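Take a look at the structure below.
The values are calculated or read from the model by the stated rules, or taken from the named source; none is laboratory data. Treat the numbers as computed from the prediction; the structure is a model and nothing was measured. When we count neighbours, we look across all protein chains shown, and the Cβ atoms used for this are built from the backbone with ideal geometry, even at glycine.
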Amino acid sequence: MTEPNTGSDLAAIKTTAAEKGGDIIINGQKTFISNGINCDLLVLAARDPAIENPYQAIGLYLVEAGTPGFEKGKKIKKIGWKGQDTAELFFSDCRIPAGNRLGEKGGGFMMLVQKLQQERLMCCIIAVAAAERMLEMTIPYCKERKAFGKPISKFQNTQFKIVEMATEIKLGRTFLDKLIMDHAEGKNIVVEVSMAKYWTTEMAMRVADQCLQLHGGYGYCEEYPIARAWRDTRVMSIFAGTNEIMKTIAAKFMGL
Ligand SMILES: Cc1cc2nc3c(=O)[nH]c(=O)nc-3n(C[C@H](O)[C@H](O)[C@H](O)COP(=O)(O)OP(=O)(O)OC[C@H]3O[C@@H](n4cnc5c(N)ncnc54)[C@H](O)[C@@H]3O)c2cc1C
């Protein structure tokens with residue numbers, strides 16, 4: 001989906017998929033594509049230049065790696081998630097068969113709207129699981145690390161912070177488990193998952209920051225896993241739709 005000049009505003013994508021002689025010709029550019037370097041098969045969002053209304057123009061197309069005109073660009077250097085490749089992709093008169101269109105012609109936007117809630121649910125799962133793990137790493141550290149002659153877990157501030165984090169994580173887990181069940185039952189969870197994506201990822205970011213603080217200077221060192229967890233958590237409010245966009249979706253569906 002994402003292009004250099006548009007991420008949040010999906011309707012503004014510029015990559016074109018034009019019908020020509022029974023084939024589809026793709027031109028344009030994508031960026032921030034997870035696993036773009038490793039991919040063998042790509043699901044590409046592109047617009048039919050013959051249709052003006054962006055909501056009807058967007059389609060989803062299957063493009064195989066190695067198709068002439070499809071080039072993988074550089075692996076983007078990120079501050080976290082270094083194990084995952086994030087790529088730029090380029091399309092120049094890339095010809096694919098019309099049969100590579102997924103679903104109905106012009107149905108891409110609706111397919112994305114329907115399925116992106118599942119991606120956001122996965123993002124909540126990552127956020128809650130990460131927060132649980134960061135607290136699990138931090139509690140033993142606080143019990144072992146001593147200051148002023150006693151474990152730092154004996155300071156009231158440490159106890160309050162840990163209890164506050166544990167409470168937030170449990171709230172997130174409860175909300176998340178309910179959404180997983182609702183989603184599995186086929187219910188529409190678009191409002192709740194938008195709320196949960198923004199809230200659980202911001203909760204994970206708060207937990208990451210507080211857990212790092214409780215590690216003191218060691219939290220800022222690469223050899224302590226909390227340092228990497230803190231870096232990796234930061235992106236969660238950005239990808240899968242920014243948290244601001246989550247609030248605009250919830251507001252819209254709440255009739256505001
Ligand atoms: C590690 C990583 C992996 C990614 N993987 C993928 C992938 O696999 N596929 C893919 O398609 N994309 C992927 N993305 C892209 C990601 O989805 C976009 O970065 C994200 O949607 C934001 O788009 P943008 O970066 O263009 O920011 P912009 O849209 O330029 O937003 C910039 C800021 O403006 C705010 N903003 C924009 N519009 C509004 C509004 N209406 N109201 C209030 N605030 C607004 C945003 O919330 C944000 O804070 C990935 C990104 C990263 C960092």
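Assorted remarks:
- The lone criterion from (1) touching a residue at least 40 places away in the same chain (Cβ under 8 Å); (2) among the aliphatic types (A, V, I, L, M); (3) more than 11 Å from the ligand (Cβ to nearest atom) left unmet by Val63 is number (1).
- Close pairs from the range 70-93: first more than 25 Å from Ala17 (Cβ to Cβ) and hydrophobic (A, V, I, L, M, F, W, C), partner more than 10 Å from the ligand (Cβ to nearest atom) and not in a strand (DSSP E or B), Cβ under 9 Å, at least 6 apart: Ile79/Arg231; Trp81/Arg231
- Scope the range 223-239; condition of a type in the set (D, E, K, R) and in a helix (DSSP H, G or I); matching residues: Arg228, Arg231, Asp232, Arg234
- Considering residues of the range 2-48 that are under 16 Å from the mean Cα position of the chain (by Cα) and on the phi > 0 side of the Ramachandran plot only, the residue farthest from the ligand (Cβ to nearest atom): Asn35
- Selection status of Leu44, surrounded by 15 or more Cβ atoms within 10 Å (Cβ to Cβ) and in the same structural domain as His183 (by TED's automatic domain parsing): no
- For the range 144-177, the candidate set comprises residues that are small (Gly, Ala, Ser) and part of a helix (DSSP H, G or I); within that set, the residue that is surrounded by the fewest Cβ atoms within 10 Å (Cβ to Cβ) is Ala166.
- Matching residues in the range 79-95 - criterion: being exposed (fewer than 15 other Cβ atoms within 10 Å of the Cβ), within 16 Å of the ligand (Cβ to nearest atom) and not small (Gly, Ala, Ser): Ile79, Lys82, Gln84
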